[in-house]
Amino acid sequence: MKKSCAKPDKVIILPLDLSNPEKVLSQAQQFLTQSKQKIDILINNGGISMRSGFLENSFENEITMLNVNYLSQIALTKVTFTEEDLSLLTSHLGGIAKYVGKKERTYCFYE
């Protein structure tokens, strides 16, 4: 993806374990502090789904899906952008949602 961008030297890809929102928050804060970079565009592209039925899926799996599909995206967005960034449209926020359950939660968040 980075190579296909017009300015690949301006693209930063930060791999994170989205199953742990607290760790996502601390790693993102650490990255932003050390790099002193302003983020212009954030694309939240992580997500998982379960193909099993509701009763077959464990509660632990439900927590993991919430952490990955929703809470980590919120943590990353809150640490990345200030209210001023979003109100002045100096930054852009995007999310990619593939499954209905994830879409319903993330659409509410992105609005």
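Rule-based calculations on the coordinates, nothing more; no lab input. Everything quoted here is computed from the prediction, not taken from an experiment. No Cβ is skipped: glycine too gets one built from the backbone with ideal geometry, and neighbour counts run over all protein chains shown.
Please compare each pair in 7/38; 36/78; 23/78; 10/78; 2/23 to a cut-off of 20 Å on the Cα-Cα distance and tell me which ones are over it. Walk me through the intermediate numbers first.
Working: 7/38 16 Å; 36/78 17 Å; 23/78 14 Å; 10/78 22 Å; 2/23 25 Å.
In this structure, 10/78; 2/23 exceed 20 Å between Cα atoms.
Listed highest first by mean packing, meaning other Cβ atoms within 10 Å per residue, what order do 43-51, 58-66, 1-9 come in? Walk me through the numbers on the way to the answer.
Working: 43-51: 14.9, 58-66: 12.8, 1-9: 8.1.
In decreasing order of mean packing, 43-51, 58-66, 1-9 become 43-51, 58-66, 1-9.
Expressed in nm to one decimal, what extension gain is obtained for the pair residue 4 and residue 34 from 0.36 nm per residue of sequence separation less their Cα-Cα distance? The partial results should precede the final answer.
Values: separation 30, 0.36 × 30 = 10.80 nm, distance 2.62 nm.
Stretched out fully, the residue 4 to residue 34 stretch lengthens by 8.2 nm.
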